[in-house]
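Colleague: Okay, handing you the structure first.
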Amino acid sequence: RYDTLIIDEAHERSLNIDFILGYLRQLLPRRPDLKVIITSATIDPERFAAAFGGAPVVEVSGRTYPVEVRYRSAGDALPTGEQGDQGQAISDAIDELSAAGPGDILVFLSGEREIRDTADALKGRPGLEILPLYARLSSAEQHRVFELPANRSARSRRAVLATNVAETSLTVPGIRYVIDPGTARISRYSLRTKVQRLPIEAISQASANQRKGRCGRVADGICVRLYSEDDFASRPEFTDPEIGRASCRERV
């Protein structure tokens, strides 16, 4: 009953997406009339095109603004020989971005605990509204992130502390700056313990670039990465597919 299917955010390579792509590869030879469109901002288009028999690649340029990338390791703002923690590094980055001009700040964090700890560390800063964003928040609390106050002071700004959900699943309005610690909780199956875990790991280059793009939607932006440029260059280009990180039972 369908003539066209669109598979969006294909770069996430979740189990659902990989299984759907596998089914479609088997189905397309039997349904030459079926059109399949695979979309994403950060996939490897040539690899996906080759998987579907040399499918054509269409590039669509979105309306984005230039984003300046600044690299800051955790100890950059501290005396030589001392290593700062992530909370201090985020606080220093907010001070740096506050001097760059008006606009809200999106801070990526690994989970609810890290968000709460960072919110406590930033509490009491004048003119800064702290807005957490994670799955367990109520709908009303999550909705606050998407409401821009009509008559707020020019000196006030919001700092949205979000999990990886803000990387691709939604767009927070008013964001001009991004602080990226470069980590996320990534699901992995442990063969040794036979347990599916959510360890905190370094994100891929594609995920880092996706995060950077969050601050180029409304005006020129600045992305502060709390790791070195050499660290970024050494990371894998794309995130490992979930089908390679899941247990055999989940794959079945």
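Where a number appears in this text, it was derived from the coordinates with a stated rule and is not lab data. Predicted model, so just to flag it, every value in this text is computed and none were measured. Quick reminder, even Gly has a Cβ in these numbers, built from the backbone with ideal geometry, and neighbours come from all protein chains shown.
Colleague: Counting Lys +1, Arg +1, Asp -1, Glu -1, what net charge surrounds R116 among other residues with beta carbon under 14 Å of its beta carbon? Kindly include the intermediate steps, with their values, before the conclusion.
Modeller: On the way: positive: R113, K123, R136; negative: E112, E114, D117, D120, E141.
Local net charge: -2.
Colleague: Can you tell me the orientation of helix 86-98 relative to the chain, as the angle in degrees between its alpha-carbon axis and the longest Cα principal axis, to the nearest 10?
Modeller: The helix 86-98 is inclined about 80 degrees to the chain.
Colleague: Sticking with this structure for a sec: Could you order the peptides 17-24, 107-114, 199-206 from most to least packed, using the average number of other C-beta atoms within 10 Å per residue?
Modeller: Working: 17-24: 15.1, 107-114: 20.8, 199-206: 17.2.
Result, highest mean first: 107-114, 199-206, 17-24.
Colleague: Based on DSSP H runs of at least 4 residues, each adding -39500 (n - 2.57), what is the mean residue ellipticity at 222 nm of the chain after dividing by all its residues, to the nearest 500 deg cm²/dmol?
Modeller: Working: 9 runs with 72 residues, N = 252.
Taking each H run of at least 4 residues, the total per residue is -7500 deg cm²/dmol.
Colleague: What number in nm² do you get for the chain if you take the convex hull of its Cα atoms and divide its surface by four? The partial results should precede the final answer.
Modeller: On the way: hull surface 69.5 nm².
Mean orientational projected area (the chain, Cα hull): 17.4 nm².
Colleague: A follow-up question, please. Would you mind telling me which residue in E147, E68, E237 has the biggest mean-square fluctuation in a Gaussian network model of the chain, where springs connect alpha carbons within a distance under 10 angstrom?
Modeller: Answer for the Gaussian network model of the chain: E147.
Colleague: Another question, then. Quick one: what does P(r) look like for segment 120-213 with 10 Å bins over all Cα pairs, in whole %?
Modeller: 12, 39, 33, 12, 4, 1
Colleague: Another question, if that's okay. If you take every DSSP beta bridge whose two residues both sit in segment 135-250, what share of them, in percent to the nearest 5, is antiparallel? Each step should come with its number before you reach the end.
Modeller: Details: 6 of 10 bridges.
Around 60 percent antiparallel, to the nearest 5.
Colleague: Report, in debye and to the nearest 20, how large the dipole of the chain comes out about its Cα centre when Lys and Arg carry +1 and Asp and Glu carry -1 on their Cβ.
Modeller: On the way: 35 positive and 35 negative charges, 175 e Å.
For this selection, approximately 840 debye.
Colleague: If you add up the charges near L34, with Lys and Arg at +1 and Asp and Glu at -1, over every other residue whose beta carbon is less than 14 angstrom from its beta carbon, what do you get? Spell out each step's value before the answer.
Modeller: Numbers: positive: R1, R25, R30, R31, K35; negative: D3, D33.
Result for the local shell: +3.
Colleague: Also, I was wondering about something else. Determine the gain in length on full extension of the stretch L128-I37; use 0.36 nm per residue of separation and subtract their C-alpha separation, reporting nm with one decimal. It would help to have the intermediate numbers written out before the result.
Modeller: Details: separation 91, 0.36 × 91 = 32.76 nm, distance 4.22 nm.
Computed gain between L128 and I37 is 28.5 nm.
Colleague: Further question on the same structure: What number comes out for the charge environment of S204, summing +1 per Lys or Arg and -1 per Asp or Glu over other residues with Cβ under 10 Å away? Write down the numbers at each step before the final one.
Modeller: On the way: positive: R235; negative: E201, E237, D240.
Spelling it out: positives minus negatives among the neighbours equals -2.
Colleague: Right, here's the next one. Out of segment 181-234, which trypsin sites (Lys or Arg not before Pro) are coil in DSSP terms and have no more than 15 other C-beta atoms within 10 Å?
Modeller: Values: sites: R185, R188, R192, K194, R197, R211, K212, R214, R217, R225; in loops: R192, K194, R217.
When the trypsin sites (Lys or Arg not before Pro) of segment 181-234 are filtered for loop state and at most 15 Cβ neighbours within 10 Å, R192, K194 remain.
Colleague: Moving to a separate point now. Rounded to two decimals, what ratio of Rg to Rh does segment 158-241 give with C-alpha atoms and a Kirkwood Rh? Intermediate results must be reported in sequence, preceding the final value.
Modeller: On the way: Rg = 14.3 Å, Rh = 14.0 Å.
That ratio equals 1.02.
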